[in-house]
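Engineer: Structure in structure tokens, see below.
The values are calculated or read from the model by the stated rules, or taken from the named source; none is laboratory data. Keep in mind that what you see is a predicted model, and the values were worked out from it rather than measured. Methodologically, a virtual Cβ is constructed for each residue, glycine included, from the backbone with ideal geometry; neighbour enumeration extends over all protein chains shown.
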Amino acid sequence: MLKAVIFDMDGVLIDSEPLHAKAAVLALNSLGIDDVTIDYCYRFIGSTTAHMLETMIKDFNISITFTELYAVYQEMLHNLIKADGYAPIPYTRELIIALYNHGIKLAIASSSTMKEIETVVKSLKIKKYFTKLVSGSNVANPKPAPDIFLKAVSELGMNTDECIVIEDSYNGVCSAAAAGIPVIGFVNEHSGKQDLSEASVLIEGFEEINHKFVENIYLRAHNIPVTIAVTNRLIIRELSVDDIPDMYQIFQNAEVKRFIPDIDEYLENEIEKHKAYVKNVYNFYGYGLWGVFSKETGELIGRCGIQNTVINGRDEVELGYVLDVNHWGYGYALECTKAILFYVFHELHMERIAAQIHHLNIRSIKVAERIGMRKEQTFIRDGNEYYLYVICSDDYFIANK
């Protein structure tokens, strides 16, 4: 269960990485070293100031002490902050408040000094939301070592499997991964070219990131399927690898196979394909084809959901479902597709959903029409006639006032 979120600070809460890099360049420039670049400084993003300055002393054969260089750097940084102030990352404050209101413990684990962390949280008026503030200056090894995140987890009184981290740097992602904590990677254009490939998911901003999004990433990182909807008779959730053998058996029925894409001949291949599907579709898009389960028995009775596809030359988000033949005629298709449309338009805020239906698939045509979809066109695919049914968000909300 998700109990805590640990934020990096520089590059996640404030857009400060360019300031730190520029201050370092100016500090060295003031000492007559002109060949240092911003890109050189970006390699230290996520690590401590001490590590950066100590490395610079060695790389540029600087004849002053670390303490002296640190004082020059701090002077340059102070002047930049005084001139420009701290630039908060948009919508992070809203996320912090939402997590706090849901009972999630919050911590900052930053490579900055404790004084710098305190200054930032006071400036952004967010200090009261954080249970712990942890500085990389107070651990033995800086990021990418796991020390700082392990210390944050310990001070929160949590276990690593109860936490998730939000980071913007390669060093930070590696640090969290080494601590065994899943990471949401924030692609901050001002943090330089960072390799965040070890993160569970990448985001480009916080505008649509809420408590539910963070919790879903946590669940997927721990191989716990996310529940999409619960209806009168059904539970719709992400499929796990353990569900694939049952889904595979549903696909073997000739009547079911008639209107779905080819299924791999070997179950083992389907299982491997689904492992990749969880990572590349569920995690990346936040949606996909989900399992339909009986609320009463827990039995898997089919699959439904949405997926990106091209229909008759146009990019579409396609609605689709497959049910076990033994559960046809009981209204389950209508029940699950209604739940999917609700989720799509209320939670995912999509504008258009399409369905391509074989002209002989009378059952699916009736379902599409009953949930408010309209036939937009007829087209030929693989020598067969298909109908394109669509529903737009405006029409959906008008029909479901």
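Engineer: Tell me, please, whether a residue that is in a loop (DSSP other than H, G, I, E, B) and of a type in the set (D, E, K, R) can be found in segment 229-239.
Structural biologist: yes
Engineer: Which of the residues spanning segment 78-91 are outside any loop (DSSP other than H, G, I, E, B) and in contact with an Asp or Glu (Cβ under 9 Å, 6 or more places away or on another chain)?
Structural biologist: Going residue by residue through segment 78-91, those that are outside any loop (DSSP other than H, G, I, E, B) are 78-84, 88.
PRO88 - this is the single residue of segment 78-91 that is outside any loop (DSSP other than H, G, I, E, B) and in contact with an Asp or Glu (Cβ under 9 Å, 6 or more places away or on another chain).
Engineer: Among the residues of segment 18-61 satisfying the criterion of being among the polar types (S, T, N, Q) and free of Cβ contacts under 8 Å to residues at least 40 places away in the same chain, which is nearest to CYS174 (Cα to Cα)? Lay out the reasoning, then the answer.
Structural biologist: The first filter runs over segment 18-61 and keeps only residues among the polar types (S, T, N, Q), leaving 29-30, 37, 47-49, 55, 61.
This time we only want the ones that are free of Cβ contacts under 8 Å to residues at least 40 places away in the same chain, so: 29, 37, 55, 61.
On the way: ASN29: 31, THR37: 24, THR55: 20, ASN61: 29 Å.
My answer is THR55.
Engineer: Can you tell me which of (1) surrounded by 12 or more Cβ atoms within 10 Å (Cβ to Cβ); (2) outside any strand (DSSP E or B); (3) among the charged types (D, E, K, R) is the one ARG303 doesn't meet?
Structural biologist: Tallying (1) surrounded by 12 or more Cβ atoms within 10 Å (Cβ to Cβ); (2) outside any strand (DSSP E or B); (3) among the charged types (D, E, K, R), ARG303 fails exactly one: (2).
Engineer: Surrounded by fewer than 17 Cβ atoms within 10 Å (Cβ to Cβ) and under 16 Å from MET1 (Cβ atoms) - does that describe any residue in segment 242-249?
Structural biologist: Scanning segment 242-249, I find no residue that is surrounded by fewer than 17 Cβ atoms within 10 Å (Cβ to Cβ) and under 16 Å from MET1 (Cβ atoms), so the answer is no.
Engineer: Across segment 83-92, what is the total count of residues that are more than 11 Å from PHE7 (Cβ to Cβ), surrounded by 13 or more Cβ atoms within 10 Å (Cβ to Cβ) and touching a Phe, Trp or Tyr at 6+ places or on another chain (Cβ under 9 Å)?
Structural biologist: Result for segment 83-92: 1.
Engineer: Could you say whether any residue in segment 125-132 is of a type outside the set (A, V, I, L, M) and in contact with a Phe, Trp or Tyr (Cβ under 7 Å, 6 or more places away or on another chain)?
Structural biologist: Here is the first cut: in segment 125-132, the ones of a type outside the set (A, V, I, L, M) are 125, 127-132.
Imposing the further condition that a residue be in contact with a Phe, Trp or Tyr (Cβ under 7 Å, 6 or more places away or on another chain) reduces the set to 129.
Yes, there is a match, as at least one residue in segment 125-132 is of a type outside the set (A, V, I, L, M) and in contact with a Phe, Trp or Tyr (Cβ under 7 Å, 6 or more places away or on another chain).
Engineer: Here is a list of conditions, (1) free of Cβ contacts under 8 Å to residues at least 40 places away in the same chain; (2) closer than 19 Å to THR309 by Cβ, and GLN356 meets all of them except one; can you say which number that is?
Structural biologist: Single failed check for GLN356: (1).
Engineer: Moving on. Scanning for something touching a Ser or Thr at 6+ places or on another chain (Cβ under 9 Å) and over 19 Å from LEU133 (Cα atoms), does segment 94-112 turn up at least one residue?
Structural biologist: no
Engineer: Mind checking whether some residue in segment 88-111 is farther than 26 Å from TYR218 by Cα and in contact with a His (Cβ under 9 Å, 6 or more places away or on another chain)? Spell out how you get there, then give the answer.
Structural biologist: Taking segment 88-111 first, the residues farther than 26 Å from TYR218 by Cα are none.
No - not one qualifying residue is present in segment 88-111.
Engineer: Please go through segment 359-374 and give me each residue that is surrounded by 14 or more Cβ atoms within 10 Å (Cβ to Cβ) and either under 14 Å from ILE311 (Cα atoms) or within 34 Å of the chain's Cα centre (by Cα) (or both), ordered by number.
Structural biologist: The answer is SER364, VAL367, ALA368, ILE371, GLY372, MET373.
Engineer: Has segment 183-196 got any residue that is more than 23 Å from LEU19 (Cβ to Cβ), in a loop (DSSP other than H, G, I, E, B) and among the charged types (D, E, K, R)? It would help to see each step written out before you state the result.
Structural biologist: Looking only at segment 183-196, we keep the residues that are more than 23 Å from LEU19 (Cβ to Cβ), and these are 183-184.
Cutting the leftovers down to in a loop (DSSP other than H, G, I, E, B) gives us none.
No, segment 183-196 contains no residue that is more than 23 Å from LEU19 (Cβ to Cβ), in a loop (DSSP other than H, G, I, E, B) and among the charged types (D, E, K, R).
Engineer: If you don't mind, another one. Of everything in segment 131-168, what is crowded, with 17+ Cβ neighbours inside 10 Å, hydrophobic (A, V, I, L, M, F, W, C), touching a helix residue (DSSP H, G or I) at 6+ places or on another chain (Cβ under 8 Å) and not in a strand (DSSP E or B)? Give them in sequence order.
Structural biologist: Those that are crowded, with 17+ Cβ neighbours inside 10 Å, hydrophobic (A, V, I, L, M, F, W, C), touching a helix residue (DSSP H, G or I) at 6+ places or on another chain (Cβ under 8 Å) and not in a strand (DSSP E or B): VAL139, ALA145, ILE148, PHE149, LEU150, VAL153.
Engineer: Can you pull out every residue in segment 163-199 that is in contact with a strand residue (DSSP E or B) (Cβ under 9 Å, 6 or more places away or on another chain) and aromatic (Phe, Trp, Tyr)?
Structural biologist: Answer for segment 163-199, where residues must be in contact with a strand residue (DSSP E or B) (Cβ under 9 Å, 6 or more places away or on another chain) and aromatic (Phe, Trp, Tyr): just PHE186.
Engineer: Which ones in segment 348-401 are modelled with pLDDT of 95 or more, within 15 Å of TYR321 (Cβ to Cβ) and hydroxyl-bearing (Ser, Thr, Tyr)?
Structural biologist: The answer is TYR389, and nothing else.
Engineer: Still on this model: Yes or no: segment 279-296 includes at least one residue that is in contact (Cβ under 8 Å) with a residue 12 or more places away in the chain, loosely packed, with under 14 Cβ neighbours inside 10 Å and in a loop (DSSP other than H, G, I, E, B).
Structural biologist: yes
Engineer: Follow-up. What about HIS327, is it surrounded by 13 or more Cβ atoms within 10 Å (Cβ to Cβ) and of a type outside the set (Lys, Arg)? Please lay out each step first, then the result.
Structural biologist: Values: surrounded by 13 or more Cβ atoms within 10 Å (Cβ to Cβ): yes; of a type outside the set (Lys, Arg): yes.
The answer is yes for HIS327.
Engineer: Any chance you could count how many residues in segment 385-401 are surrounded by fewer than 18 Cβ atoms within 10 Å (Cβ to Cβ), closer than 23 Å to ASN361 by Cβ, in contact (Cβ under 8 Å) with a residue 40 or more places away in the chain and out of contact with any strand residue (DSSP E or B) (no Cβ under 6 Å at 6 or more places or on another chain)?
Structural biologist: Of the residues in that region, 0 qualify.
Engineer: For VAL310, all conditions in the list (1) free of Cβ contacts under 8 Å to residues at least 60 places away in the same chain; (2) more than 25 Å from TYR387 (Cβ to Cβ) hold save one; what is the number of the exception?
Structural biologist: Evaluating VAL310 over (1) free of Cβ contacts under 8 Å to residues at least 60 places away in the same chain; (2) more than 25 Å from TYR387 (Cβ to Cβ) leaves (2) as the failure.
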